[in-house]
Each structure stands twice: as C-alpha cells, then as structure tokens.
Amino acid sequence: MRYFRLFAPYLRGSRLRCVLAPLFKMLEAVLELFTPLVVARMIDLGIGAGDKNYVYKMVGLLALFAAVGLAFSLTAQYFAAGASVSFTQRLRSALFGRAVHLTDPQTNAVGVPTLIGRMTGDMDTVQTGVNLSLRLLLRSPFVVAGAMIMAFTVDANAAVTFAVVIPLLSLIVFGILIATIPLYDRIRSALDGVLLTARESLNGVRVLRAFRVERLLTKEFKEKNDRLTRLQEATGRISALLNPLTILLIDLAIAILIYRGAVRVDRGLLTQGAVVALYNYMAQILVELIKFANLVITITKSIACAGRIGSVLELSASQRTGSASEGDGAEAIRFDHVTFTYENAGDATLRDVNFCVRRGETVGIIGATGSGKSTLIDLIPAFYTAEQGDVFVFGKNTKDWDPASLRKKIAIVPQRSQLVKGTVRSNLLWGDPNATEAAMIEALKIAQAYDFVMEKGGLDAPVGQAGGGFSGGQRQRLCIARALVRQAELLILDDSFSALDYVTDAAVRRGISQACRDTTVVIVSQRTSSILHADQILLLEDGVCTPGTHASLMRTSSVYREIHLTQFEEEATAHEA
C-alpha cells in the first residue's frame, strides 16, 4: 500500500478497463459456481430416473455455461491486458523521465545497471502482476467463498469440512507469502550486481583483454551469479512447498468428504448427485487456491519490483536551484574558495579553488589523471554543487540559475565521445534542433569532420550504436561539431582532442579560435600544446588549482614544466642548454 498513491495516477487512463476486467471474471465465476448444481440435478433427476431428455437439457445448459463463460473470460483477459500494458507504458515513461532528470550524484548512487533493470525486468514483472491481479485477485477468493456457501446449501453437515480446510489453506498460503517477500527483494539486488559486473566487463572488454584479466572477471561474475542462484534456490524451495501442501490438504479433505458423503448416501440422507456436487466444489476450491497461491507469488515479486521502481520515482532534485535565466557582468566563470568532495569519498577532490575567466577568453586546464579536472568542469553547468564556496557563471551563482537556462548557454564535448544510433544529421541536431544545414556543414568544417562525413554519405550518413562505423578520432570530431552547432556562449572541451593527431588537433583549435571569437572556451587537455596559447592556464595537482599562463607556469611550477618538457624533447634540450 505504500506505493499505491504513487502508482494510482498511472491507472487513470485505464480505470474503466480495471473495473470491467474483474467484473467479467466474476460473471464467469458465478456460472462456474452453478455448474456443480446442474451436474447434481442431471445425476439425480436425469440419470437416476432414466430421463434422457432431461440429461440432454442439462448437457445443453452446461455447454451454454461453458460458451458464455469462455466469452466472459476472453473479455476479461482483453480488458486486463489492455489495462496492464497501458499502465506499464505510462509508468515506464515516467520512470525514464525521472531517470534522465536525476542529478549526477543520484544517478551514481542508484547505478545505471539498476536503472536499466528497473525499466526492463522489474517493469515486466509489475505488468504481469497487474494483469493477473485484475483477473484473479477478486475471482479466486470469490469462488472459494462461493463454493463453501454453495456446499452448505447442498448439505450443511458434510460441508463442515470446508470450514476447517479453508482456514488451514489460507495459513499455508500467507505463511509462505510472508517468508518469500524479503527474499524476492534480495534476489533483485543480487541481480543488479550481476548486471553491473556484466555491463562493466562488456564495456571494457578490450582493456580486460589487454591486461589479461578475463579469468579474474569471470571469477567475480561467477561468485555474484552463484550468490543469485543460491537466493533463487532458497526462495524456490520455500515456494515449492505451496502446491504440495495445498494439494495434500485438499486431497485429505476430499477423502473425508467422500467417506462422510458415502455414509450419508447409504443412510438415505444425501443423494449421489449432492456428493458429486460437494466433490466438485472442493475441486473448485483446490484449483482456485492453487491459482491464488501462484498469484500470491507473482504479486510478491511485483510488490518487490514496484518498491524498487517507486524508490526511483520518489527521488527529487537534491540540488538547490534558482530561477535566473540571464547572466550579467564581464565574468564568464569565477570559482570562489570552492571545495568539493564526492559522497563516501575520504578526501576532497577539489580544495579551495579560486580563479576567474572573463568573457571571450580561452582557459586551459591541465593536470595528472585524478587531479580533479573533470570534477571542476562538472561544477560549471551545475551537474554537481560545491559543498564549500561558490561557482559563478556569467555573473550569477550556479545555485541561483535555472538549470535549463544555464545549460542552454553552455556546449560541452565530454571526455567520452557519445553518439547515438541514427545519422550524422540527427546527432548534430542534438546541439541545436533548429540548426540549418549550412550551420551543420560549417560546424563539420571547423571540427575537421567535413571530408570523412562527405565520404560516408553526407549529413544523412548512418551512425551505428555508440558511434559504430566511425573511428575514435572521427567520433570526437563529430562531438565537437555537435557542440559548435549550438553556438553557445561557453564552450567546454573536456579532453576532446585525445584521439586526434597533433596536426588535426591544431587545425581544430585554430578553427574554433577563428569561428568563436566572442565565445568563452574551456579546454581540458593532457597536452600542453593544446593549451599553450590560452589566455589562462589552470594547473590542477591533487585538487589544488594554480592559475597562470604558459610562461609563468614554466617559471614557477616544476610540475607544469615537467609535463611540458616531457612532451617536447626539443624544448627539454634547449632548457638544459
């Protein structure tokens, strides 16, 4: 019930179907409850009296019940399937919408494999649970209760068996339910671990082969898979008790019922048809309780999955946001005593960072791996919020900006080239959905991507999944072109030249410099050649930022000087001379 209010809005478009599905199932159940009475009359008044015409009438009535019941059942299935599919469609759309709007810390906390699992496997389980619930959740208890009442109308003395058996069966069903609910939740968590290992291994398969750690990863996957298997086996063993226990109890009840019925028939207190009717009612209870038991297991799984889905839907933006839509002043970026630490991290990634970049300037950021370069970049568009100090973009604190308005002014080329399946055109339009063909061609030329794009078929050249069909350097240049199409006030290039040779690197930077004279450009690079002529260079070392220029850092920073001289041996020779 915890998530009922959360999920109820997604049923609004299917409310009528949610009523009609169980309604038609109940009508089918009513016909089923009258069937044993018809059989009893056919035996007592037809077969017993040798009245063939009466037997034929009863057979015809049973055939009519079967045909009408089938129609009711198919109609109920139609409405239940429609309601569950449309509900899941709306819920999946809402979950995806919430997932893509999660902050970076929230996404990291939940985990991408977990989100994928909740949008696929968990969602399918919930859909099955809704479908079966609409058809059986009311029908099975109704048939069980109705069969017991009808049995008392046939013979109250013999039907006492029903009053004893049904509570015992309920105890078994709900006892197993209570035992398995927490286990299904643990199974889904273990499945997340298996998916995470598989995803990381497949994404980094080349690296794994290069370092020859296939056996290590295989062992890790086997351990997690074995844990999942053990949990599933333990849950399966408990669930497997359900059908044998219920069938055993029902069989004992039927044996008792037939014995007592035979005694009463022999005494003339009960007819043979009545005994058959009682047996049929007990059989109906057996069938419905088995259905209900399986339904309980399905609902248990669905509740566990619904809880996982609901936990994501309940997440709200944890960052403080404002309403500013325009900046002011001559400053493009200013960090004021900024310190940042990732959640659950021991040490701060950035420590007391201070610098200022004016509009139209080019700033370079360099430092060793893990020095905080990407973290610093992520603070500018407010993907993360500084825990100490303030980040100002275009004169306003990022906490005061409306995130959408701030990010419209920024174009980012991420460290990892991200292209999606489609065409070159569709990928470039991510930068600006209203971009003209001329603007896209110009962006491709600046990014040194025009030639190979034309060779592959122009703007409508196909792009495979994750940029398939293009090399690493080509993907980087397409990502740069996509950012240039945006014509943003601030362009961030996060190590975006790493796959380019020096000649192409220089050509791209020269093109950006000429085409984006009024744009503030931030270049993160491992190469000093890429930031050599920047107006300002930020050297990051263990989260500490040292601003300067190439000339000043060569004089004052041994770290920067070592990076530069290592990359330029001829300069190292000149420096030593």
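The values are calculated or read from the model by the stated rules, or taken from the named source; none is laboratory data. Because the structure is a prediction, the values reported are computed rather than measured. No Cβ is skipped: glycine too gets one built from the backbone with ideal geometry, and neighbour counts run over all protein chains shown.
If I ask for residues that are among the small types (G, A, S) and not in a strand (DSSP E or B), which ones from the range 390-426 would you list?
If the condition is that a residue be among the small types (G, A, S) and not in a strand (DSSP E or B), then G395, A404, S405, S417, S426 are the ones that fit.
Suppose we keep only residues that are without any contact (Cβ under 8 Å) to a residue 24 or more places away in the chain and in a helix (DSSP H, G or I) within the range 515-555. Which one would you say is nearest to A332 (Cα to Cα)?
In this case the residue turns out to be H550.
Can you tell me how many residues in the range 421-444 are more than 27 Å from the chain's Cα centre (by Cα) and of a type in the set (S, T, N, Q)?
Count: 2.
What are the residues in the range 224-272 that are within 28 Å of L45 (Cα to Cα), assigned to a helix (DSSP H, G or I) and either touching a Cys at 6+ places or on another chain (Cβ under 9 Å) or among the basic types (K, R) (or both), if any?
R260, R264
Say whether the condition of being in the same structural domain as E28 (by TED's automatic domain parsing) and not in a helix (DSSP H, G or I) is met by at least one residue in the range 212-223.
For the range 212-223, residues in the same structural domain as E28 (by TED's automatic domain parsing) and not in a helix (DSSP H, G or I): present.
Of all residues in the range 368-393 being at positive phi and touching a Leu at 6+ places or on another chain (Cβ under 8 Å), which is surrounded by the fewest Cβ atoms within 10 Å (Cβ to Cβ)?
G372
Taking the conditions exactly as written (under 38 Å from the mean Cα position of the chain (by Cα), free of Cβ contacts under 8 Å to residues at least 40 places away in the same chain and more than 20 Å from A8 (Cβ to Cβ)), does V100 satisfy them or not?
Yes: the conditions hold for V100.
So which residues in the range 95-143 are more than 13 Å from A306 (Cβ to Cβ) and among the small types (G, A, S), if there are any at all?
G97, A99, A109, G111, G117, S140
Give just the number: which of (1) assigned to a helix (DSSP H, G or I); (2) touching a residue at least 24 places away in the same chain (Cβ under 8 Å) does G46 not satisfy?
(2)
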